[in-house]
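Read-outs: derived from the displayed coordinates by stated rules, not from any lab. Just so we're clear, the structure is a prediction, and the values are computed from it rather than from any experiment. Heads up, the Cβs are rebuilt from the backbone with ideal geometry, glycines too, and the neighbour counts pull from every protein chain shown.
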Amino acid sequence: MLEFRTAGFNPYAVKYSPFFDSRLAVSSGANFGLVGNGRLSILNLTNQGIICEKSFDTQDCLFDTCWSEAHENQLLTAGGDGSVKLFDIGLSQFPIASWQEHGREVFSVAWNLAHKRTFLSSSWDGSVKIWDPEANNQGSVLTLPIHSCVYSAQYSPHSSDVVTAVSRDSHLRVFDLRTPASASNHLTLAVPIHAPPKVPQQGFVPTSVGPTECLTHDWNKYRSTIVATAGVDGIIRTFDLRSPGAGPIAMMQGHEYAIRKLSWSPHLSDVLLSASYDMTCRVWTDGSTMGAGVSPKLGGGSGGPREMGRMDRHTEFAMGVDWCLFGAEGWCATCAWDERVLVWDVREFMRG
Amino acid sequence: MMTLSPGFTLGSRGISNAPISSNTHDHRLTSAFIHDFSPSFEHLHLPSIATSSPWQTRQARTPLVRPSLHHRPKPPPHTTPRRSSANTTPAQSRIQQLTSHLTSSESDIPSGLESVTSKSPSDIVVTCALRTPLTKGGRGGFKDTAAADLLHGAFRSLLERSKIDPALVNDIAVGTVLAPGGGATEFRAAALAAGFPDSTAVKSLNRQCSSGLQACVDIANAIKTGMIEIGIGAGVESMSSQYGPGAVTEFSELLESHPAAKECKVPMGVLSEKMAKDRKIGRKEQDEFAARSYGKAVEAQKKGLFDEEIAPLTVKWTDPKTEEEKTITVSKDDGVREGMTAESLGKIRPAFSKDSSGTIHAGNASQISDGAAAVLLMRRDTAERLGQPILGKYVTASVVGVPPLLMGIGPWKAIPVALEKAGITKDDVDVFEINEAFASQCVWCIKELGLDEAKINPKGGAIAFGHPLGCTGARQVSTLLYELRRTGKKVGVSSMCVGTGMGMAAVWVAE
């Protein structure tokens, strides 16, 4: 396990570069992001451990970051002051672009994974904005209204025009930007996350009923209609967007407090990693049979949704997780309010 | 108090101890932070009556922002972060948000003004609220109308105005105090006669003067838990026909022999007189308050401010002089009298005290009245699906007990509890509807809670237009919501004291 201290700053998000297996970005804020400066750190994994290659300081906490899919040296940040900034590692101190449109804290930024030209941001002001600097460098090209604090928004990895968002109002919304911008503002689906499943999951006794804030979600990288969500009730749910009325198809319970971040494995179609306010990061299988036999060690296979392992070395709220896209199928990075970024192999924490 | 898992360090250290951009600060501050700043993790421990104010614990906790928080770096000139609430700093709202992440379900998300006024599909909303006029007991427009007929009238108007399909209404709760048998039989009949199908259930309930509010709260809770989807909270009282000594069964020997139990029987006028004396609320103060209530009601009536909430009702009425039966349409509260001043009220003889030391009289106590009110409630997503217009939302309610002989202090104890549940302070509230059972108790509660009198009963209260016991709680909802909407304000509280020593309060938000 490798460790890096983000002294003086409490990390909110960690992201692996999609271009280099040794490069990480960490966004953070002083004083737990409540008040004070923010910092974006670019970390390098070296033989001497993790080294900070570059850092950029901002006026307000950076709640999220994401790498450009088009340019290996560029990345976006989500600012507490409502700004979305684009940084280039080749330059120092200042961003190469900064857009100030959101009325409140920006909580997530995501780059379009399919056509790599646009990106999006989501904010406490209740909106998701789509940006396309090549078409319009002055501002966003589209605003999707949600009317509730949007904690996380994502592009589908399978389609460049499908955007999902989860928000405080306990709903997973799906927008299809190909639909006409009618009164529905491209909204094609709004799935109530707290709704019980049509077919009860065996052995699952929910600890909470009713709506809870949804804090994070992620698209499965292999099954193009599967999305996982998690939030304040500490339950991870997966939904199949082909049958939104069916409710969650798998529910995974175990975290004692809210789940802050969720990420599907880029290697295995059934494996998830989560970070929670209970200070643990846990590995899960959603029990889908498609994962069976892919990896005898990591793949969960059939046997129902369950926790496969947990890493409890963080000593404060765990805020961010990300998988390494390269090499062996278990390396990941996590960050927490203990001012630490940990890079570790999930396989070391699997239960016997 | 929430239990923190191992590894959390509890302490009194707050943000002021954490130097901005220091390399050395203790990373185990998190929980101390949340603990210090969280509005939700501390409960209001009500102090014993008359020793201290229920606001005290809140005041002790109010300074959420400490000086160091203001050392926020100035944003560059082109950035202008906007905040939804002017009196919440960014740090405060971020702390509130974090705190909400640490609670286990929506029901205990600490709210604050922002979340009280925010909209969620699961909100319980009011899509129609109305009342009949309130008329003088024994003499007014409804003196010959049965309680069930008044209720029938309110139901008809509600169906007409809301255009809701009556078959969609699952349950109706009706608050009433005096009706024999609780009125259960005739209210069910009234619902059927008003056009509700037999699939719509009806119940009656009695929590004395708060029955109408209790009915609304019961329906809201039933919707919240999923027991029903759409319901009506209502209240009705015909004091003309049912007020009198017959309303209370004779006390048994057992009750008579128990000192506290026996006190439940003391007439409210008598105990209010005693309370006014004990708490030193003078005659002049009461008369001034009563005169203001009359003044506000007269003005509101002249400006037509009650027109939106009142549904006129056509009834049979016997002229007391000619004994001739007429059909009349009542569209105005007939108890509102012009020209009432503290001086003119000062001349009325006290009603509950033989000597001249008495302070309570017919002019500074609530009027005996007839009337009905109804409130249509459902979830926000239901309302949106049905295209029902949303007047406002129900946030939360409280019910408390106080000594029977001090029943008038009920609002003093109930209001802080409701505000605490909603996570807001008295300053966040724009309008209070506090029932004026007696000027003495109302004045005492307002003074003791330190409320701004300009926010209390802006259209007058029960002293000016009456207090049909079971109706009042439901009546306040329409009075409150229409007033908030008219003035472009948001947050309202309705509250009342309850005979035998209780208090209720509820928080509403107009939209």
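From the backbone phi of the range B:234-242, what are the Karplus-calculated ³J(HN,Hα) couplings (6.51 cos²θ - 1.76 cosθ + 1.60, θ = phi - 60°) in whole Hz, Gly and Pro given as x?
Rounded to whole hertz, the list is 9, x, 8, 7, 10, 6, 4, 9, 10.
Using the alpha carbon gyration tensor of the range A:2-349, what are the three equivalent-ellipsoid semi-axes (square root of 5 times each eigenvalue), largest first, in whole Å?
28, 25, 18
Setting aside same-chain residues fewer than 8 positions from B:K265, which lysines have a Cα under 29 Å from its Cα?
In chain and number order, the partners are B:K136, B:K143, B:K203, B:K274, B:K277, B:K280, B:K284, B:K354, B:K413, B:K447.
For the pair B:T185/A:N47, report the inter-label distance in nm, with labels modelled 7 Å from Cα in the Cβ direction.
9.7 nm
Among DSSP bridges having both ends in the protein assembly as shown, what percentage is antiparallel? Round to the nearest 5.
90 percent
So for the protein assembly as shown, taking the charge dipole from beta-carbon charges (+1 Lys/Arg, -1 Asp/Glu), which of B:Y243, B:G387, A:G320 sits furthest toward the positive end?
Farthest towards the positive end: B:Y243.
Using a Gaussian network model of chain A whose springs link C-alpha atoms within less than 10 Å, name the residue from A:G254, A:G245, A:G203 with the highest mean-square fluctuation.
Comparing A:G254, A:G245, A:G203 in the GNM, the peak value goes to A:G203.
Given H placed on each backbone N at 1.01 Å, which residues far from B:E229 in sequence or on other chains put an amide H within less than 5 Å of it?
Residues meeting the criterion, in which the H sits 1.01 Å from N, are B:N170.
List the residues, sorted by chain then number, that are 5 or more residues from A:K54 or on another chain and whose placed amide H is less than 5 Å from its amide H.
Placed amide hydrogens put A:I42 under 5 Å from A:K54.
Return a whole-number percent for the relative contact order of chain A, with Cα pairs under 8 Å and 6 or more residues apart as the contact set. The partial results should precede the final answer.
Details: 1049 pairs, mean separation 43.2, N = 352.
Taking the mean separation of contacting Cα pairs over the length of chain A, I get 12 percent.
Going by how many other beta carbons lie within 10 Å of each one, how would you line up A:D125, A:D88, fewest first?
Details: A:D125 21, A:D88 17.
Ascending number of Cβ neighbours within 10 Å: A:D88, A:D125.
What list of ³J(HN,Hα) values in whole Hz, one per residue of the range A:182-198 in order, does the Karplus curve 6.51 cos²θ - 1.76 cosθ + 1.60 (θ = phi - 60°) give from phi, with Gly and Pro shown as x?
8, 4, 7, 6, 6, 6, 10, 8, 9, 9, x, 5, 7, 4, x, x, 5
Would you order B:T145, B:T99 from fewest to most other beta-carbon atoms within 10 Å of each residue's own beta-carbon?
Listing B:T145, B:T99 from fewest to most nearby Cβ atoms yields B:T99, B:T145.
For the range B:324-432, which trypsin sites (Lys or Arg not before Pro) are in a loop by DSSP, counting at most 12 other Cβ atoms within 10 Å?
B:K347, B:K354
Starting from the Cα-Cα distance between A:A97 and A:N136, subtract it from 0.36 nm times their residue separation and give me the gain in nm to one decimal. Before the final figure, lay out each step's value.
Values: separation 39, 0.36 × 39 = 14.04 nm, distance 1.23 nm.
Length difference between fully extended and current span is 12.8 nm.
Using the Cα centre as the reference, give the magnitude of the dipole from point charges on the C-beta atoms of the protein assembly as shown (Lys, Arg: +1; Asp, Glu: -1; all else neutral), rounded to the nearest 20 debye.
Once rounded to the nearest 20, the dipole reads 780 debye.
Taking only DSSP H segments of four or more residues, each worth -39500 (n - 2.57), what value at 222 nm results for the protein assembly as shown once the sum is divided by all its residues, to the nearest 500 deg cm²/dmol?
Only helices count here, giving -6000 deg cm²/dmol.
Quick one, what does Rg over Rh come out to for the protein assembly as shown if you take C-alpha atoms and the Kirkwood Rh?
1.05
Starting with the fewest neighbours, write out B:W317, B:W444 ranked by other beta-carbon atoms found within 10 Å of each beta-carbon. Don't skip to the answer; put the middle values down first.
Details: B:W317 20, B:W444 25.
Final ranking by Cβ density, sparse to dense: B:W317, B:W444.
If you place +1 on the Cβ of every Lys and Arg and -1 on the Cβ of every Asp and Glu, how big does the dipole about the Cα centre of the range A:1-138 come out, in debye to the nearest 20?
About 140 debye.
With the dipole of the range A:2-349 worked out from charges on the C-beta (+1 for Lys and Arg, -1 for Asp and Glu) around the Cα centre, which of A:Q154, A:S269, A:C332 lies farthest toward the positive end?
A:S269
What is the set of long-range amide H partners of A:V128 at a cut-off below 5 Å, with H atoms built 1.01 Å from backbone N?
A:L144, A:I146
Who wins for biggest fluctuation among A:F56, A:F204, A:F119 in a Gaussian network model of chain A, springs between alpha carbons below 10 Å?
A:F204
Using the Karplus curve 6.51 cos²θ - 1.76 cosθ + 1.60 with θ = phi - 60°, work out ³J(HN,Hα) for each residue of the range A:124-139 in order, rounded to whole Hz, and write x for Gly and Pro.
My calculation for the range A:124-139 gives 4, 6, x, 9, 10, 10, 9, 10, 9, x, 5, 8, 8, 7, 7, x Hz in order.
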